Amino acid sequence: MSAADDATRIEGSFAPDIFERKEFRGETTLSVHATRLHDVAQFCRDSLGYDLLLDICSVDHYGSHPRFEVVYELYSIANKTHLRLKCTTGEDESEVDSVCDLWPTANWHEREVWDMMGIKFRNHPDLRRILMWEGYPYHPLRKEFPLEGIPTDVPDVAFTEVAPLAGGPFVTIPTEGNTEVREPRARHAAEIPTTATFIAEP
C-alpha cells in the first residue's frame, strides 16, 4: 500500500471532512477540517499503521482567513510510507485537538507550536511554553513579530530593566550586498580578534 492508497481509504471513510488532496513529488497531503483532525489521525494510526509522528509544525498565512495551518508528518515504519495531514484554525479561536494520546511524541511538538505561534491544543497534558519563558507576551514565529525582536520587561527572570532582544544572530540589514555581507557576523568581523592569547592559570 502506498500513501496515495491510504489517502483514498481516508477519503472513503471521512469524505465530508477532507476538503483538499494534493500529490506533489511523490508526497501525499490531505487537508482535514480541524474538528475531525483527531478522528482522522486515529484512523491513520489504528487502521493504516502510521505508528510514528515525525513532526508537527505550523504556518502563518498572515492576512488570510483562516490564518493558521497546523501540519502533521506521519510515517508507517512497517509500510515505509509517509503521509501529511493539515488543518486550519482562525486567529480568534486558534485551537485544535491534541494528538498526544495517539503519539506521545506530539507533546513537545505541540508545546513548541503553542509557544512560537500561539495555537492552543485542547486536552494537551501539559501545555506550557518550551522555548520562551512563561508570561512572555508574544509568539515569535508570527509574521507580525519583527526580526529584530521586541524589548520585553522580564522582572521575574534576573533583573527589572528592559531586556533588549534586538540584534540577534539571524538579523540582517538591507544593503546592496549579498547575504554574506548582510549577515551580522560579517558586520562585526572587525571586532573579532584574529589571534587568541591563552594565559595559563597558576
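The values are calculated or read from the model by the stated rules, or taken from the named source; none is laboratory data. Keep in mind the model is a prediction, meaning the values are calculated, not measured. Reconstructed Cβ throughout: ideal geometry from the backbone, glycine too, with neighbour counts over all protein chains shown.
Residue check: is residue 152 surrounded by fewer than 11 Cβ atoms within 10 Å (Cβ to Cβ), modelled with pLDDT of 55 or more and not assigned by TED's automatic domain parsing to the domain that holds residue 74? No. Cβ-Cβ distances below 9 Å connect the following pairs, each with a first residue in region 123-147 that is without any contact (Cβ under 8 Å) to a residue 12 or more places away in the chain, a second residue that is of a type outside the set (D, E, K, R), and a separation of six or more residues or different chains: 145/138; 145/139; 146/166. Here is the figure for region 36-84: residues that are of a type in the set (A, V, I, L, M, F, W, C), crowded, with 20+ Cβ neighbours inside 10 Å and over 19 Å from residue 4 (Cβ atoms) total 5. Screening region 89-111 for residues that are surrounded by fewer than 18 Cβ atoms within 10 Å (Cβ to Cβ) and among the acidic types (Asp, Glu) and picking the one that is farthest from residue 56 (Cα to Cα) gives 92. Of note, residue 116 satisfies the criterion of being out of contact with any Cys (no Cβ under 9 Å at 6 or more places or on another chain) and either under 24 Å from residue 43 (Cβ atoms) or buried (at least 18 other Cβ atoms within 10 Å of the Cβ) (or both).
Contact map, region 61-75: first residue in the same structural domain as residue 109 (by TED's automatic domain parsing), second residue of a type in the set (A, V, I, L, M) and surrounded by 17 or more Cβ atoms within 10 Å (Cβ to Cβ), Cβ cut-off under 6 Å, separation 6 or more or different chains; pairs are 68/119; 70/96; 72/56; 72/85; 74/83. For region 131-139, the criterion of being assigned to a loop (DSSP other than H, G, I, E, B) and within 18 Å of residue 35 (Cβ to Cβ) is satisfied by no residue at all. Which pairs have Cβ atoms under 7 Å, sit 6 or more apart or on different chains, and link a residue in region 15-28 that is in contact (Cβ under 8 Å) with a residue 40 or more places away in the chain to one that is of a type in the set (A, V, I, L, M) and not in a strand (DSSP E or B)? Note: pairs meeting the criteria are 28/3; 28/4; 28/7.
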